[in-house]
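Notes follow once the structure below has been shown.
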Amino acid sequence: MSDLARLRWKCRRGLLELDLLFRDFLDHGYAQLDAEQSARFDALLDYPDAVLLEWMMGRITPTDTDVARLVEQIRSSARP
């Protein structure tokens with residue numbers, strides 16, 4: 001399984017909102033990440049859905065500035 005296929009599978013969440021955000025990011029933003037950012041995205045997907053949803057909806061900002069930047073990139077890649 002390729003890294004992208006593995007990430008695509010890991011992006012499948014229990015919440016449609018997260019599924020759509022992560023799918024759009026993989027399709028439109030992921031290719032621009034460097035190796036460190038790609039690893040950070042992979043690690044981000046280990047967080048519980050409830051935490052990810054709060055971050056992605058902008059209700060809470062991650063305390064780690066690198067994670068906060070990545071969350072903003074993901075949110076920016078969302079299709080209207």
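Taken together, the values in this text are just the output of simple stated rules run on the coordinates, not laboratory data. Since we're looking at a predicted model, the values are computed, not measured. Don't worry about glycine lacking a Cβ; one is built from the backbone with ideal geometry, like all the others, and counts go over all protein chains shown.
Here is how the numbers come out for the structure above:
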{"item": "Only listed residue being among the aromatic types (Phe, Trp, Tyr), over 17 Å from residue 62 (Cα atoms) and part of a helix (DSSP H, G or I), chosen from 25, 41", "result": "25"}
{"item": "Among (1) surrounded by fewer than 15 Cβ atoms within 10 Å (Cβ to Cβ); (2) of a type outside the set (A, V, I, L, M); (3) part of a loop (DSSP other than H, G, I, E, B), the one test that residue 69 misses", "result": "(3)"}
{"item": "Odd one out for residue 47, checked against (1) crowded, with 16+ Cβ neighbours inside 10 Å; (2) not in a helix (DSSP H, G or I)", "result": "(1)"}
{"item": "Answer residue from the range 1-19, given it is of a type outside the set (D, E, K, R) and surrounded by fewer than 14 Cβ atoms within 10 Å (Cβ to Cβ) and is farthest from residue 72 (Cα to Cα) among those", "result": "1"}
